[in-house]
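What follows is one structure encoded as structure tokens, with my remarks underneath.
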Amino acid sequence: MNTKLDIQKIVCLGAGYVGGPTMAVMADKCKDIEFKVVDLSKDKISLWNSKDLTKLPIYEPGLNAIIKKVRGKNLFFSNNIEKAISQADMIFISVNTPTKTSGYGAGIASDLKWVESCARTIASFSSGHTIVVEKSTVPVKTAEVIQTILQSNQDRVDGKTFSILSNPEFLAEGTAVKDLENPDRVLIGGEDKYSIECLASIYRNWVEDKKIIKTNLWSSELSKLAANAFLAQRISSINAIGSICEVTGADVREVKLAIGYDQRIGKHFLETGPGFGGSCFKKDILNIIYLSKYYGLPEVAKYWEQVLSLNDWQVRRISKLVVDKLFGTISGKKIGILGFAFKANTNDTRESSAIQISKELLSEGANIIINDPKVNEKQIAKDLGKNPKSESKNNFEQGSWSLEEDFELIFKNSDAILILTDWEDYKNLNWDKYTKLMRKPSWIFDSRSVVNPKEIKDLGVKLWRIGDGTL
Ligand code: NAD
Ligand code: UDX
């Protein structure tokens, strides 16, 4: 059976950081299938449809070129959710699953209201047989919730049938296109062999069969949480070691090299930084903590809680350190912040360490000037809960912020520069030219191992570098 031919129309609910790039790459690889990405947000869909490709709602290297190739051919963005669902053979649920902010499990459990609402809409508007694919990251057993909602409908309406698959997404932001085009693996969890084969055959258009792993639904759901928890745990581990380096005269970059050569440990994901950010790690570990508590495994919950608490400590210690080095007060001092996104090559600021660090510096009365190649002023104002300093005022009020592209203006009369995101632009800055503009004593705080320490020290500038006890 050529199962690929059975799937002609695919719909994705959710046009976010996962839905948009995932469907774009799939559309590029499967030209004979029509893909429709739908969302509740009118603004988002109109940005995905904008003629000017620099206006797409998310920034991902390589994405514009793919959108240009497939949009309007076999990839469409729309708000007409009901119509899209009614025509779909396969539906990906790729909506947000953030941590609950109120009610039972607030601050720890995932809020599944968007996933549940998708299941209800699919139940109402689908026709014939529909394969529903859980792409969102969800707590284990969520497929059961979706299944129950769909099956209760299946019983009522003639001719409507469903099967459920779990197909978690492992892309990382900033490398989404590359990760989607050449994934380490594709994971498909499910029971219905025909549906699994349909989805596998779509991926086989560009992914080797041996990389397509098939498991039961619960292993698939849990594997996604476990993968993120393991990755985050490595970051907390190296950040913990980095802080020991700082007080003992060791250098975490040397330690990283030495341990990374051990093939059992491996070289990847051992970069010290200002704490992990992004929309996934914290939320997914909280999810594991919640599940552990729910199933009576408090020791397991405590183990993962420690990964998060080390990360919180790492974020907080950076702003404290800046204050300490600047003679215990930063009130009225000018501090440049290089990087606001949670990592390089994305415009996403969710859980970015820069938010917490900037808030703490502002509350100490610092005047901060932020630079980021892709994050805009509106987003920063939302994250900081504070508007930028007003253009009409010549002098800074204390505890103010502004966004600035011009490095001369950022460095001029500043007391310190704090590097928070490892954008390539910062690696190639003319440090000689810009540091001369700073107030003395001038400080560079490098939380991302971006600068060359010898170069900075030769310029007579004081340097703090994460995990560096040799300074
Ligand atoms: P996002 O917030 O960027 O996008 C989600 C979109 O879903 C939003 O645009 C929202 O308007 C839309 N939406 C919500 N309810 C809807 C509904 N009923 N119908 C249609 N659209 C609806 O989120 P994201 O970063 O794309 O993440 C989506 C899921 O994928 C989450 O579960 C996340 O944990 C997981 N994930 C994210 C990443 C990542 O790097 N961002 C990677 C892997 C997995
Ligand atoms: C993560 C997972 O990597 C991805 O597989 C999953 O699908 C979604 O969650 P993402 O959050 O987009 O991806 O980016 P990632 O590269 O994992 O970085 C997360 C955070 O950890 C960033 O703040 C990053 O700067 C930080 N990080 C990463 C480190 O501090 N050190 C490292 O060695 C790697």
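The values are calculated or read from the model by the stated rules, or taken from the named source; none is laboratory data. What you see is a predicted model; the values in this text were computed from it and never measured. As a convention, Cβ positions derive from the backbone with ideal geometry for all residues, glycine included, and neighbour counts pool all protein chains shown. Remember, those area values only see protein heavy atoms, side chains included, never the ligands or the DNA or RNA. Shrake-Rupley method; radii C 1.70, N 1.55, O 1.52, S 1.80 Å.
Could you give me the radius of gyration and the Dmax of segment 138-239, taking only the C-alpha atoms into account and expressing both in angstrom?
Taking only Cα atoms of segment 138-239, I get Rg and Dmax of 16.1, 57 Å.
Do the sum for the chain: with -39,500 (n - 2.57) for every DSSP H run of n ≥ 4, divided by all residues, what is the mean residue ellipticity at 222 nm, to the nearest 500 deg cm²/dmol?
-13000 deg cm²/dmol
Just grab the label-to-label distance for Glu208 and Lys386, each label 7 Å out from Cα along the Cβ direction, in nm (one decimal).
According to this spin-label approximation, the distance is 5.2 nm.
When 1/r is averaged over all different Cα pairs and the result inverted, which Kirkwood radius in Å belongs to segment 251-296? Don't skip to the end; give the middle numbers.
On the way: mean 1/r = 0.0768 Å⁻¹.
The answer is 13.0 Å.
When the expected Rg is taken as 2.2 N^0.38 Å, what fraction or multiple of it is the alpha-carbon Rg of segment 308-428?
Details: Rg = 13.4 Å, N = 121, 2.2 N^0.38 = 13.6 Å.
Against the empirical 2.2 N^0.38 Å value, I get 0.99 for segment 308-428.
By a straight-distance test (C-alpha under 15 Å), which aspartates and glutamates pair with Lys210 as possible cross-link partners, with residues fewer than eight away in the same chain excluded?
Counting by Cα, and skipping residues close in sequence, Lys210 has these aspartates and glutamates nearby: Asp184, Glu197.
Find the accessible area per residue for segment 61-156; the probe is 1.4 Å, ligands and nucleic acids are left out, and the unit is Å². Spell out each step's value before the answer.
Numbers: 4220 Å² over 96 residues.
For segment 61-156, the solvent-accessible area averages 44 Å² per residue.
Under a 1.4 angstrom probe, counting protein chains only, how are Trp464, Trp218, Trp401 ranked by accessible area, largest first?
Numbers: Trp464 20, Trp218 65, Trp401 0 Å².
Sorted descending by solvent-accessible area, the residues read Trp218, Trp464, Trp401.
Rounded to a whole number, what is D in µm²/s for the chain from Stokes-Einstein with the Kirkwood radius over alpha-carbon pairs (25 °C, 0.890 mPa s)?
In µm²/s, the coefficient rounds to 102.
With θ set to phi - 60°, apply the Karplus curve 6.51 cos²θ - 1.76 cosθ + 1.60 along segment 317-326 and write out the HN-Hα couplings as whole Hz, x wherever there is a Gly or Pro.
5, 6, 5, 4, 5, 4, 4, 4, 5, 8
For segment 327-404, with every protein chain kept in place, what is the accessible area per residue (1.4 Å probe, Å²)? Intermediate results must be reported in sequence, preceding the final value.
Working: 3540 Å² over 78 residues.
Value returned for segment 327-404: 45 Å² of accessible area per residue.
Using a 1.4 angstrom probe and counting only protein chains, how large is the accessible area of Arg350 in Å², to 10?
Its heavy atoms expose roughly 100 Å² to the probe.
Run through all the Cα pairs of segment 37-196 and give the fraction in each 5 Å bin from 0, expressed as whole percent.
Computed distribution, short to long bins: 2, 8, 15, 18, 20, 18, 13, 6, 2, 0.
Just to confirm the filter: which trypsin sites (Lys or Arg not before Pro) across segment 34-135 are DSSP coil and have at most 10 other Cβ within 10 angstrom of their Cβ? It would help to have the intermediate numbers written out before the result.
Values: sites: Lys36, Lys42, Lys44, Lys51, Lys55, Lys68, Lys69, Arg71, Lys73, Lys83, Lys100, Lys113, Arg120, Lys135; in loops: Lys51, Lys73, Lys100, Lys135.
When the trypsin sites (Lys or Arg not before Pro) of segment 34-135 are filtered for loop state and at most 10 Cβ neighbours within 10 Å, Lys51 remain.
Of all accessible surface on the chain at a 1.4 Å probe, what whole percent is carbon and sulfur?
On the way: 11060 of 21630 Å².
C and S atoms contribute 51 percent here.
Find, among the GluC sites (Glu not before Pro) in segment 87-167, those assigned to loop by DSSP (not H, G, I, E, B) with at most 16 other beta-carbon atoms within 10 angstrom. Each step should come with its number before you reach the end.
Numbers: sites: Glu116, Glu134, Glu144; in loops: none.
For GluC sites (Glu not before Pro) across segment 87-167 that sit outside H, G, I, E and B with at most 16 neighbouring Cβ atoms in 10 Å, the list is empty.
Let me have the relative contact order for the chain, percent, based on Cα pairs under 8 Å that are six or more residues apart.
Contact order relative to length: 12 percent.
For segment 317-385, would you read off the P(r) tail past 18 Å as a percentage of all alpha carbon pairs? Can you show the working numbers first?
Numbers: 788 of 2346 pairs.
Tail fraction, whole percent: 34.
Checking the cross-link filter: which lysines have an alpha carbon closer than 16 Å to that of Lys224, excluding same-chain neighbours under 8 positions apart?
In chain and number order, the partners are Lys135, Lys141, Lys211, Lys214, Lys282, Lys283.
What percentages make up the Cα-Cα pair-distance distribution of segment 364-471 when the bins are 5 Å wide from 0?
For segment 364-471, the binned pair fractions read 2, 11, 20, 25, 19, 13, 7, 2, 0 percent.
In segment 222-312, how does Rg compare with the Kirkwood Rh, expressed as the Rg/Rh ratio over alpha carbon atoms?
Rg divided by Rh gives 1.02.
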